[in-house]
Amino acid sequence: MISNLAESVRGDQADMNRLHRRVVRVGAVASLVAGALFLLAGYATGDEALAIQALGPMLTAALLIAQIVLNKEHGGIALFGSGVVVVVVHAVAGDENTLVAAAVALVVICSLGILFVNGNPVSAGAAISLILLAAPVVWGIAPARAIPLGVVMTVGFAMASAVLVAVRSASTAVNSRLRLLFDRSPTAVLEENWAAAIAYVRSEYSGRPDRIKQFLLAYPEVVRRAVDLATVRKANRAAMDLLEVRGPGDVLGYREGGRVTRGDQASYVDTLVALYHGHGFFEQEFPTHTFRGQPIWLKASCVDDTLGVNPETVLVALADISHIRAREEAFADLIKAKDAFITSISHELRTPLTAVLGLTYEIASENIGDSERRELIEMVSGQAEEMAYIVEDLLVAARAEIGTVSVEPSPVELGAELRMALEGLQMTSIEAPADLPGVYADPMRVRQILRNLLTNVDRYGGETRRVLGGQAEKLAWIEVRDDGPGVDSRDVERIFEPYATAHTGVSGSLGLGLAVARQLAVLMGGSLTYRRQEEESVFRLELPVDRATALVSASRADRSS
């Protein structure tokens with residue numbers, strides 16, 4: 001008790017109010033119990049003197065109960081008032097048998113009372129010492145005995161009060177440092193009281209302790225009511241900034257159980273379960289919203305400093321883990337996308353591979369003529385070329401992740417490469433420009449880019465497809481256009497990311513074609529972009545027309561990456 005008093009003295013007003021209530025209520029109960037014991041002992045032994053001794057505790061209990069009823073609980077008044085009762089009652093009904101008990105009680109009460117003196121404790125101690133010296137005289141003791149007893153009481157009080165004042169000074173210094181640490185800590189910290197909430201849960205549930213969580217999950221109204229009874233006592237500046245509150249009034253006080261949703265019910269249940277079982281430390285992660293409505297993920301590290309006895313002081317340190325959750329979700333999306341990619345690549349390779357296997361069996365047959373065999377060989381060659389393109393895209397994507405993709409630029413006839421790509425894909429019916437400028441790029445990589453763009457429009461474009469081309473300053477450009485549904489504005493950049501699922505309906509099923517095409521274009525000093533123009537989807541490829549421009553553009557791309 002003395003330790004708790006010393007730790008709480010000189011705290012903030014809320015701490016002091018709790019201290020006063022605790023002292024008054026504990027004192028009232030102790031006084032009632034002491035009075036009842038005196039009465040029972042007197043009744044059992046027939047000793048009227050013992051029964052009369054119940055008068056002191058009963059009067060003290062009456063004084064303390066009056067404070068409780070009037071909501072004027074004050075520890076100092078309670079203690080010094082109890083001291084006055086001891087002096088008066090012993091003077092009226094005391095005798096030699098109760099003298100020592102009265103003297104000891106008076107010294108103890110006054111020594112504890114000194115903890116509540118906010119002014120100069122030395123002056124207060126001197127005044128109390130004079131009262132203790134005079135008390136034996138008031139009790140009617142002969143001067144020869146009164147003076148030594150008064151001196152002994154005064155010395156005992158001086159020694160006890162000196163110790164308690166020293167403890168108070170030390171605890172005040174510790175409290176000040178802790179309060180400063182709490183207030184100025186860069187970590188968001190709340191102090192919460194869950195005592196009433198846990199008492200309510202215990203009153204509602206009397207089953208097996210290991211099934212309390214299932215009970216709370218099944219009865220959300222119990223959770224809301226318990227949350228209504230929990231209070232936030234303190235919040236430091238970091239907590240108010242993290243929760244985006246306008247002031248302490250937004251976060252301090254009782255929680256609102258009506259705001260508990262299905263999304264955060266589980267986190268409140270976990271808190272109630274941990275405190276119900278008396279866990280001194282527990283952690284949890286949960287989604288919530290700031291007071292301005294901003295979604296946020298928080299990690300709460302909770303410490304119950306009552307060690308599970310009565311969780312009226314629970315310290316909660318909050319950390320914003322939204323960025324960690326975002327990375328985890330992005331990583332999970334990437335895993336899903338790569339899983340889908342593996343499925344897609346299996347399908348993509350199976351189709352030409354099945355054709356190659358079937359055609360080679362036919363070629364090996366002796367029942368076909370030379371012309372048919374040559375036709376089948378051409379078909380095998382086409383399917384093998386298809387697989388080669390798929391493998392090449394895979395190699396480029398893999399090398400791009402570790403920065404080892406290489407290009408070997410040289411003068412290239414862009415028009416010739418476009419015609420070869422159209423013929424290779426059997427898309428000769430597409431409208432294409434008759435004359436295109438030359439570029440300085442890697443011919444194999446140019447062909448790979450054009451093939452990916454044309455394959456994309458062939459698979460997922462609209463009914464009308466066309467290719468435009470020309471030159472703007474030192475860059476040649478080609479645009480592959482179609483009148484399909486296009487790409488959602490939110491997914492324009494995602495379609496150029498490897499394995500991105502936003503490709504559905506607009507790009508190759510592997511999720512690599514456009515990513516590979518852009519990576520190669522940038523490596524050669526060019527660019528690849530997408531836009532929606534006049535009901536058409538437009539993929540625009542730009543490449544440098546000479547070596548100098550290619551070197552400058554590639555250097556800029558390296559710096560930006």
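The values are calculated or read from the model by the stated rules, or taken from the named source; none is laboratory data. This is a predicted model, so every value here is computed, not measured. Cβ atoms come from the backbone with ideal geometry, glycine included; neighbour counts cover every protein chain shown. Keep in mind that these areas ignore ligands, DNA and RNA; they rest on the heavy atoms of the full protein, side chains included. Shrake-Rupley method; radii C 1.70, N 1.55, O 1.52, S 1.80 Å.
At-a-glance table
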read-out	value
Qualifying residue in the stretch 379-397 (condition: in contact with a Leu (Cβ under 9 Å, 6 or more places away or on another chain) and over 20 Å from Leu512 (Cβ atoms))	yes
Residue tally, condition modelled with pLDDT of 75 or more, open to solvent by 40 Å² or more (accessible area, probe 1.4 Å) and acidic (Asp, Glu), over the stretch 393-421	2
Long-range neighbours under 9 Å by Cβ, at least six apart or interchain, first residue assigned to a loop (DSSP other than H, G, I, E, B) within the stretch 189-208, second surrounded by fewer than 16 Cβ atoms within 10 Å (Cβ to Cβ)	Tyr205/Arg211; Tyr205/Tyr219
Qualifying residue in the stretch 70-87 (condition: out of contact with any Cys (no Cβ under 8 Å at 6 or more places or on another chain), surrounded by fewer than 20 Cβ atoms within 10 Å (Cβ to Cβ), more than 20 Å from Leu132 (Cβ to Cβ) and at pLDDT below 85)	no
Selection count where residues are within 16 Å of Ser161 (Cβ to Cβ) and open to solvent by 40 Å² or more (accessible area, probe 1.4 Å), scope the stretch 113-140	10
Test: residue in the stretch 295-304 that is surrounded by 15 or more Cβ atoms within 10 Å (Cβ to Cβ), assigned to a strand (DSSP E or B), of a type in the set (S, T, N, Q) and at pLDDT 90 or above	yes
Qualifying residue in the stretch 66-76 (condition: under 16 Å from Val29 (Cα atoms) and without any contact (Cβ under 8 Å) to a residue 24 or more places away in the chain)	yes
Single match in Ala326, Ala317 (criterion: of a type in the set (Gly, Ala, Ser) and touching a residue at least 40 places away in the same chain (Cβ under 8 Å))	Ala317
Check on Ala162, over 19 Å from Leu99 (Cβ atoms), small (Gly, Ala, Ser) and crowded, with 18+ Cβ neighbours inside 10 Å	no
Residue count, the stretch 55-85 (criterion: in contact with a Phe, Trp or Tyr (Cβ under 8 Å, 6 or more places away or on another chain) and more than 22 Å from Met16 (Cα to Cα))	1
The stretch 353-387, subset under 19 Å from Ala421 (Cβ atoms) and at pLDDT 80 or above, residue least open to solvent (accessible area, probe 1.4 Å)	Ala384
Some residue of the stretch 323-340 being over 25 Å from Pro295 (Cα atoms), part of a helix (DSSP H, G or I) and open to solvent by less than 60 Å² (accessible area, probe 1.4 Å)	yes
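Yes or no, residue by residue, for (1) surrounded by fewer than 19 Cβ atoms within 10 Å (Cβ to Cβ); (2) within 24 Å of Pro209 (Cα to Cα); (3) not aliphatic (A, V, I, L, M):
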site	(1), (2), (3)
Asp228	yes, yes, yes
Arg233	yes, no, yes
Ala238	yes, no, no
Glu244	yes, no, yes
Leu252	yes, no, no
Arg259	yes, no, yes
Gly263	yes, no, yes
Tyr268	no, yes, yes
